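Worksheet: one structure, shown below.
Derivation of every value follows stated rules applied to the coordinates shown; laboratory data play no part. Since the structure is predicted, the reported quantities are computational estimates derived from the model, not experimental observations. For neighbour counting, all protein chains shown are included, and Cβ atoms are generated from backbone atoms with ideal geometry for every residue, glycine included.
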Amino acid sequence: MDDRKLLTIAENIKENSYSPYSNFRVGAAVLTESGKTFAGVNVENASFGATICAERTAVFKAVSEGERKIMAVAISSDSDDYTFPCGICRQVLAEFGADDTRVICGNRNGEFKVFRLGELLPNAFLKF
């Protein structure tokens, strides 16, 4: 799947975001080694620690369906700036991805930049 198509999935799913506290809608889509895609949104909670990011929602959906290898993730929000995964999401992506996993960071205008996960999380804490 090409990067634009994966980003479009992320852009479309963000409509389902539950973000009444931050008003910052985020959608994410992951592509797994088997070629399947899984999408997720951020889900906020009045107890902020219970909030989950879109990227982790998508990864956890994939893992719960038996997938264990993430090839790419696309992230979209309503921001004019490119949307990057937070630190916790980068660590979760490292658990199921690799240094060369593509991270497609989009903005509200449909523009995007592609990075390798190893660029965004050098020296990740990994299994030993």
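Going out from 0 in 5 Å bins, what whole percent of all Cα-Cα distances in the stretch 3-120 drops into each bin?
Computed distribution, short to long bins: 2, 14, 25, 26, 20, 10, 3, 0.
Loop sites only, by DSSP: take the GluC sites (Glu not before Pro) in the chain that have at most 13 other C-beta atoms within 10 Å and name the longest stretch containing none of them.
66-110
Given the rule -39500 (n - 2.57) for each run of at least 4 DSSP H residues, summed and divided by the residues of the chain, what is its mean residue ellipticity at 222 nm, to the nearest 500 deg cm²/dmol?
That calculation yields -8000 deg cm²/dmol at 222 nm.
Specify the residue with the greatest mean-square fluctuation among A62, A54, A39, computed from a Gaussian network of the chain linking alpha-carbon atoms under 10 Å apart.
Among A62, A54, A39, the largest mean-square fluctuation in the Gaussian network model of the chain belongs to A62.
Between I104, I88, I75, find the one with the highest GNM mean-square fluctuation for the chain; connect C-alpha pairs within less than 10 Å.
Per the Cα network of the chain with a 10 Å cutoff, I88 tops the list.
Based only on other Cβ atoms within 10 Å, what is the fewest-to-most ordering of D99, D81, D3?
The fewest-first ordering by Cβ neighbours comes to D81, D99, D3.
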